[in-house]
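Visitor: I have a structure here, written as structure tokens, and I will follow up with some questions on it.
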Amino acid sequence: MEILPIEGRFKGKHFVTISQIRTVDEIERIFEVADEMKAIVEDKKANGDLAGYCVAEIFYQPSTRTFTSFLGAANWLGAMSIPVHGMSAYSSAVKGESLADTIRSLYQTTAADVIVLRHPDDDSSEVAAQNSEVPIVNAGSGKKEHPTQSVLDLYTIRQELGKMDDLHVAMVGDLKNGRTIKSLAKLLMVAGKNNRMTFVAPDELKAPEGFIEEVRGMGAEIEETDDIENVVADADVLYVTRVQKEWFDTEEDYEKVKGCYVVDEELMKKAKKKMAVMHPLPRVNEIVTGVDDDPRAAYFRQMRSGLYTRMALLKLILRG
Ligand code: ASP
């Protein structure tokens, strides 16, 4: 099946890259449905909207939040779910099967209506999409994309700050290997006017030039610095990320940068009164637990946004 832009219609389409979303109306549509999903969960009024549908989740990389929130989303809406963790260790990938064949097989063995995929290759979701008869939802592909994460991130920003325009978002940490910032940066450019970003990273972890140029090409004003103190006082969102150990060649290289930024109570004293600290999680040591009770610490609420927005995306893709 071809990968098509959303163009106002999610039904039956893959969602493999954030670039498929091109208008603020499409974002608003997801959020409108996510708000309905929030009400369903909060009022404990599950309605079986996706009864009879089957959602397969196949994960080749570790996951806590993405995996369980998709599982939760399918269950809250009454769909059947087929959750498979540990694909890289236990599936026929070990025997040398291609991703294309695995996707074709899964469709036959499960009769899934949608396949949620996490995989370490940058182009995995595209490969899967081209070989799938049902929509593929990208739940994290390599270092490149995490589109559903960026949807939940933006939903959280809207919830915390009440707007999607005029935002200064500081993205901090491993901008080279991290995939969440790559999707979020692009979505912020579609979401509103006058959004600008500061990328905070040491030289070793700077965002790739090609990616920065691409986002600048979407009209983004992007500054780069290695000093978090330069941005903290002016940021509306401090989007902190983990140094992605799994992508480093040597332990030594990782050790050199692993503690590059630590958000603590002292740093938070310099931040605005109204702002949000976010993190896709897991955190290793980038935010001290002492910050967790700060009202501006949004990273636990951010996870719940994942449930609502993934419910919304499944519903929009399966039923429109
Ligand atoms: N959970 C996020 C991801 O899968 C962030 C991370 O792993 O650091 O990309």
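The values are calculated or read from the model by the stated rules, or taken from the named source; none is laboratory data. Since this is a predicted model, take the numbers as computed values, not measurements. Neighbour counts are summed over all protein chains in view; Cβ atoms, including those assigned to glycine, are modelled from backbone coordinates with ideal geometry. Areas reflect the complete protein model, heavy atoms only, side chains present, ligands, DNA and RNA absent. Shrake-Rupley method; radii C 1.70, N 1.55, O 1.52, S 1.80 Å.
Visitor: Using a probe radius of 1.4 Å on heavy atoms only, what accessible surface per residue do you get for the chain? Whole Å² is fine.
Guide: Values: 13500 Å² over 320 residues.
So the chain comes to 42 Å² accessible per residue, rounded to a whole number.
Visitor: What's the local net charge at MET268, with K and R +1, D and E -1, over the other residues with C-beta under 12 Å away? If you can, show how the numbers build up before the last one.
Guide: Details: positive: LYS269, LYS270, LYS272, LYS273, ARG296; negative: ASP264, GLU265, GLU266, ASP292, ASP293, ASP294.
Computed value for this residue: -1.
Visitor: Using 7 Å Cα-to-Cβ label points, what is the ASP226/VAL41 separation (nm, one decimal)?
Guide: 4.0 nm
Visitor: Based only on the alpha carbon positions, what is the Kirkwood hydrodynamic radius of the chain, in angstrom?
Guide: Numbers: mean 1/r = 0.0502 Å⁻¹.
With all distinct Cα pairs of the chain included, I get 19.9 Å.
Visitor: Additional query: For ASP234 and LEU4, FRET efficiency with R0 = 51 Å and r from the beta-carbon atoms, rounded to 0.05? List each step's numbers first, then the result.
Guide: On the way: r = 39 Å, r/R0 = 0.76.
Approximately 0.85, to the nearest 0.05.
Visitor: Quick one: putting +1 on the C-beta of Lys and Arg, -1 on the C-beta of Asp and Glu, what dipole do you get for the chain around its Cα centre, in Debye to the nearest 20?
Guide: On the way: 40 positive and 52 negative charges, 237 e Å.
Using only the charged Cβ atoms, the result is roughly 1140 debye.
Visitor: Using a basic spin-label model with each label point 7 Å from the Cα along Cα→Cβ, how many nm lie between LYS206 and TYR254?
Guide: Simple spin-label model gives 2.5 nm for this pair.
Visitor: Separation between the ASP122 and SER105 pseudo-spin-labels, each 7 Å from Cα along Cα→Cβ, expressed in nm?
Guide: About 2.8 nm, to one decimal.
Visitor: Still on this structure: Rounded to the nearest 500 deg cm²/dmol, what is the calculated helix-only ellipticity per residue at 222 nm for the chain, with -39500 (n - 2.57) per DSSP H run of length n ≥ 4? Walk me through the intermediate numbers first.
Guide: Numbers: 11 runs with 123 residues, N = 320.
-11500 deg cm²/dmol, from helical runs alone.
Visitor: Estimate the FRET efficiency between THR68 and GLU97 by the formula 1/(1 + (r/R0)^6), using the beta-carbon distance for r and 41 Å for R0, to the nearest 0.05. Before the final figure, lay out the partial values.
Guide: On the way: r = 26 Å, r/R0 = 0.64.
According to the calculation, E is roughly 0.95.
Visitor: Just to confirm a number: summing +1 for Lys and Arg and -1 for Asp and Glu over residues other than TYR107 whose beta-carbon lies under 12 angstrom from that of TYR107, what do you get?
Guide: So the environment of TYR107 carries a net charge of -2.
Visitor: Right, another one. For the stretch 120-229, state which GluC sites (Glu not before Pro) are in a DSSP loop and have at most 16 other beta carbons lying within 10 Å of their beta carbon. Can you show the working numbers first?
Guide: On the way: sites: GLU126, GLU133, GLU145, GLU160, GLU204, GLU209, GLU213, GLU214, GLU221, GLU223, GLU224, GLU229; in loops: GLU133.
In loop regions of the stretch 120-229 (DSSP not H, G, I, E or B), the sparsely surrounded GluC sites (Glu not before Pro) are GLU133.
Visitor: Can you list residues whose amide H is under 5 Å from VAL263's amide H, if they're 5+ apart or on another chain and H is modeled 1.01 Å from N?
Guide: Sorted by chain and number, the residues that satisfy this are ILE287, VAL288.
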